[in-house]
Structure formats: structure tokens, C-alpha cells
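What follows is one structure encoded as C-alpha cells, with my remarks underneath.
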Amino acid sequence: MRCLSISLNNLPEEYKVVLGYLTYHAGKLYNQALYLLKNKQAKVHTYDLYNKIKDNLHSRSLQSRAAQIVLDELVRAYKNAFKGYAKFPKFRPKNKSHRTLTYDTTGFKVVGTKIRLSISKELINWLKE
């Protein structure tokens, strides 16, 4: 999978707050999905897992495709652990709850020298407050 890695130096404070908000909710979504998998309340399938937690605060705070990518990475790690390729995923620690957030091509747009991220209605309402 190819990706674009951008160094985020000299960002304004409001952008850091927004990125922190997104990474925080990605980590919390990961932990809640892992809790459902470990307690066998959801199947090890991306869409079943997404349907169980789609009305959750952390899921609504992210763009829908970005939330699906977080869940897909968790499901893939879980399946690799069943096959014996890797260890089972662990919960994110409370003091390091931020997680890397991945956007696919539907979630961002390059305009000149800037990147426009697609954000959720929940985040828009939070920023207005």
C-alpha cells in the first residue's frame, strides 16, 4: 500500500487541536472494537463490527471511511493472530490513547500546497462550540 507521509512542522494551534481530536477518537474506537472482539460480542468481520459501533461517539467523530479503516486494521491483525503470524492485538494504554489515523483517497483532497481533510458533522459541531 502506498502512502503519502507529511511532516507536520510549524502547524497553527487550531490544526494541532483538530488532529489531536481525530487521533484520540481513533484510539478510543480501536479500544472499543477490541473490547467487543475479546468478549465475543461481535464477529471478526469489519462490517459486523462497524454496524455494532456505528452509533458510538468515537465512530461518529471520525469520517466514516477512516473509522472503517481503523476497524479493518484491527480485524486484519486479529485474523493474523489466529493464523499464528502475529500476536493478538492489545488495548491502547490510557496515557497514550492517540492512534495513527489513515485516510484513503475519498477522505482528502490536495489543493495547491494544502491538504483538505474530510471531517465529520460531530467534529464540525464541536469546532463551532
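The values are calculated or read from the model by the stated rules, or taken from the named source; none is laboratory data. Remember, it's a predicted structure, so these values are computed and weren't measured experimentally. Here the Cβ is made from the backbone with ideal geometry for all residues, glycine too, and neighbour counts use every protein chain on show. Quick note on the areas: whole protein, heavy atoms, side chains included, nothing else; ligands and nucleic acids left out. Shrake-Rupley method; radii C 1.70, N 1.55, O 1.52, S 1.80 Å.
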Quiz item: Which residue pairs have Cβ atoms closer than 6 Å, lie 6 or more positions apart in sequence or on different chains, and pair a first residue in region 38-50 that is on the phi < 0 side of the Ramachandran plot with a second residue that is part of a loop (DSSP other than H, G, I, E, B) and not aromatic (Phe, Trp, Tyr)?
Solution: ASP48/ALA42; LEU49/ALA42
Quiz prompt | Candidate set from region 6-31 (those that are closer than 18 Å to LYS94 by Cβ and out of contact with any helix residue (DSSP H, G or I) (no Cβ under 6 Å at 6 or more places or on another chain)); member that is least open to solvent (accessible area, probe 1.4 Å) | solution = GLY27
Quiz item: Taking region 97-108 only, how many residues are free of Cβ contacts under 8 Å to residues at least 24 places away in the same chain and either within 14 Å of the chain's Cα centre (by Cα) or surrounded by fewer than 10 Cβ atoms within 10 Å (Cβ to Cβ) (or both)?
Solution: 1
Quiz item: Which of the residues spanning region 33-90 are of a type in the set (A, V, I, L, M, F, W, C), part of a helix (DSSP H, G or I) and either farther than 30 Å from ILE124 by Cβ or open to solvent by 90 Å² or more (accessible area, probe 1.4 Å) (or both)?
Solution: LEU37, ALA77, ALA81, PHE82
Exercise. Output the qualifying pairs, or none if there are none: Cβ atoms under 7 angstrom, residues six or more apart or on different chains, first residue in region 73-94 and under 16 Å from LYS28 (Cα atoms), second residue assigned to a loop (DSSP other than H, G, I, E, B) and open to solvent by 60 Å² or more (accessible area, probe 1.4 Å).
Key: VAL75/HIS45
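Only residues that are open to solvent by less than 90 Å² (accessible area, probe 1.4 Å) and either among the polar types (S, T, N, Q) or more than 17 Å from the chain's Cα centre (by Cα) (or both): list them for region 111-120, please.
Scanning region 111-120 gives VAL111, GLY112, ILE115, SER118, SER120.
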